[in-house]
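K.L.:
Here it is, the structure, as structure tokens.
The values are calculated or read from the model by the stated rules, or taken from the named source; none is laboratory data. In this text, all values refer to a predicted model and were calculated from it rather than measured experimentally. Cβ placement follows ideal geometry from the backbone for every residue including glycine, while neighbour counts extend to all protein chains displayed.
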Amino acid sequence: MPRAEPATAMETRHMLRFAPRYGIVSPCLVRPSRSLLPAGPTHPANDNDPDPAKAFDPEALLDAALRMFAAHGLSAAERACEAAEIARRCGDADSVAWWLEVCRTLDRRKAREASRRFAREA
């Protein structure tokens with residue numbers, strides 16, 4: 001069966017690319033609003049498990065990881081690690097944990113290396 005050819009040569013040369021205005025924070029780098037999270041505790045008060053992944057909504061983590069992947073492709077995990085590094089320099093421990101979990105969702109090895117590096121530098 002013959003392949004369908006494009007109507008014009010112009011259709012094959014131009015692609016649309018979204019580029020936000022300079023100075024705008026990319027929507028993939030914005031944490032979900034705290035108002036979207038459940039009001040009550042998400043785990044029992046007597047749970048002594050130190051796993052920080054349980055502190056975040058898995059749906060929100062997956063959504064953030066997919067947005068990062070859509071925006072940055074295969075370098076999404078690296079960008080999440082960079083966001084964790086920026087948050088660490090600002091002293092925002094919650095954001096550091098968030099971005100490390102997003103990175104862990106995308107690339108466990110890279111997240112483990114970043115966690116170890118942050119622990120050494122602390």
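K.L.:
Every residue in segment 86-106 that is part of a helix (DSSP H, G or I) and either touching a strand residue (DSSP E or B) at 6+ places or on another chain (Cβ under 8 Å) or surrounded by fewer than 15 Cβ atoms within 10 Å (Cβ to Cβ) (or both), please.
P.N.:
Once the filter is applied, which keeps residues that are part of a helix (DSSP H, G or I) and either touching a strand residue (DSSP E or B) at 6+ places or on another chain (Cβ under 8 Å) or surrounded by fewer than 15 Cβ atoms within 10 Å (Cβ to Cβ) (or both), segment 86-106 yields 86, 89, 90, 93, 94.
K.L.:
Shifting gears a bit: Based on this model, can you work out whether residue 109 counts as modelled with pLDDT of 95 or more and surrounded by fewer than 22 Cβ atoms within 10 Å (Cβ to Cβ)?
P.N.:
Criteria met by residue 109.
K.L.:
Filter segment 63-98 for residues that are aliphatic (A, V, I, L, M) and over 15 Å from residue 121 (Cβ atoms) and give the result.
P.N.:
Answer for segment 63-98, where residues must be aliphatic (A, V, I, L, M) and over 15 Å from residue 121 (Cβ atoms): 64, 65, 66, 68, 70, 71, 74, 76, 77, 80, 83, 97.
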